[in-house]
Amino acid sequence: MMETVKVFPSGPTPDAWIPTRAGVGLKAQHYANVIEQRPDLGWFEVHPENYMAEGGPALGYLERIRMDYPLSLHSVGTSLGSHRPLDRVHLSRLKALVERFQPGLVSEHLSWSHGRDWFTHDLLPLLYTEASLQNVVRHIDEVQETLGRRILIENPSSYLQFKRSEIPESEFLVEAARRSGAALLLDVNNVYVSCMNHSWDIAAYLAPIGAELVGEIHLAGHAVQELEGFTLRIDDHGSPVAPAVWELYRLCIDRFGQVPTLIEWDSNVPDFAQLMQEANLAERLLIPTAETLSHANPG
């Protein structure tokens, strides 16, 4: 039977659109830099879980910065892949932030993080089967129905594989997006990390992904460890983007076109000037001319 393809609206207002430029993740230690300097940067992204309080300074700073810059919300706590029901309290808080800040993009990871009576801050990998796919699609549907808009789902970084997985990861992502009407957040660093860790072919990984599905790209640094003769790459967001990832980003721009691109740096966070250097390099690759295009959510 043919699956029904769902359609959800993109960013709700023109000022919520994310420009086709480079952005960075907004960190508390950089609030003052951003407000005082108003850097020439396309947009900012935040984890909504850091702003789900009733009040406080963080929300005030975010309100002020949102006046000058487009914003993306990149959730880490929805647990789309969990076999348990979604946390309705978390969803209601996410909806409140979406309504308050009118982000141009809302995204979540293809992962899970809670069971019956426990929760972890790690983003755990999924078993890629038809049953798991149906469960993920139901959860994406629930999030999109709650928010009244399309979300993006991000490919994970992974270090182990389930023997019982039946569907290649990128095909699983594409099918989840197709059935739910979601789009994809393509994390280029995660593609590189996972493909290197599992000896996957990068071209084969990217092959099922259509340009029309890619609404955002992430770039980040990763760590390298040697374990009993095996080289393990760890997605720690704690260093500059690796040369091989920059090269893969060039290939992705050629394949998917100009897509809003975020620099993630979540550990060993540097000063704001170094973040801007990374963003400026991404923007030079993304937009080889002086022209800056406007880009809304796909759809």
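The values are calculated or read from the model by the stated rules, or taken from the named source; none is laboratory data. Predicted model only: the values in this text are computed from it and were never measured. Note that we place each Cβ from the backbone using ideal geometry, even for glycine, and neighbour counts take in every protein chain shown.
Here His90 meets the list (1) in contact with a Gly (Cβ under 8 Å, 6 or more places away or on another chain); (2) at pLDDT below 90; (3) not in a loop (DSSP other than H, G, I, E, B) almost entirely, failing just condition (2). The set of residues in segment 133-163 being charged (D, E, K, R), free of Cβ contacts under 8 Å to residues at least 60 places away in the same chain and over 21 Å from Arg84 (Cα atoms) consists of Lys163 alone. Restricted to segment 46-67, and to residues there that are out of contact with any helix residue (DSSP H, G or I) (no Cβ under 8 Å at 6 or more places or on another chain) and part of a loop (DSSP other than H, G, I, E, B), the residue that is nearest to Val136 (Cα to Cα) is His47. Checked against (1) modelled with pLDDT of 95 or more; (2) in contact with a helix residue (DSSP H, G or I) (Cβ under 8 Å, 6 or more places away or on another chain); (3) more than 23 Å from Leu26 (Cβ to Cβ), Leu285 meets all criteria but (3). Being on the phi > 0 side of the Ramachandran plot and either surrounded by 13 or more Cβ atoms within 10 Å (Cβ to Cβ) or at pLDDT 95 or above (or both) is a description that applies to Arg38. Within this structure, Ala176 fails the test of being without any contact (Cβ under 8 Å) to a residue 40 or more places away in the chain, of a type in the set (A, V, I, L, M, F, W, C) and more than 23 Å from Gly23 (Cα to Cα).
Within segment 124-168, if we keep just the residues that are modelled with pLDDT under 95 and charged (D, E, K, R), the residue that is nearest to the chain's Cα centre (by Cα) turns out to be Glu166. Going residue by residue through segment 72-82, is there one that turns out to be modelled with pLDDT of 95 or more, in contact with a helix residue (DSSP H, G or I) (Cβ under 9 Å, 6 or more places away or on another chain) and crowded, with 19+ Cβ neighbours inside 10 Å? Within segment 72-82, one or more residues are modelled with pLDDT of 95 or more, in contact with a helix residue (DSSP H, G or I) (Cβ under 9 Å, 6 or more places away or on another chain) and crowded, with 19+ Cβ neighbours inside 10 Å. A Cβ distance below 6 Å, combined with a sequence gap of six or more or placement on separate chains, defines the contacts here; from segment 60-74, residues that are within 20 Å of Arg21 (Cα to Cα) reach residues that are among the polar types (S, T, N, Q) and surrounded by 18 or more Cβ atoms within 10 Å (Cβ to Cβ) in the pairs His74/Ser107. Residues that are crowded, with 19+ Cβ neighbours inside 10 Å and hydroxyl-bearing (Ser, Thr, Tyr) number at least 2 in the following helices (runs of 4 or more DSSP H) confined to segment 145-220: 169-180, 188-198. State yes or no: is Glu228 free of Cβ contacts under 8 Å to residues at least 24 places away in the same chain and more than 26 Å from Ala131 (Cα to Cα)? Considered against the rule, which asks whether it is free of Cβ contacts under 8 Å to residues at least 24 places away in the same chain and more than 26 Å from Ala131 (Cα to Cα), Glu228 comes out as yes. Looking only at residues that are in contact with a helix residue (DSSP H, G or I) (Cβ under 9 Å, 6 or more places away or on another chain) and part of a helix (DSSP H, G or I) in segment 231-246, which one is surrounded by the most Cβ atoms within 10 Å (Cβ to Cβ)? Filtering first and then ranking leaves Val245.
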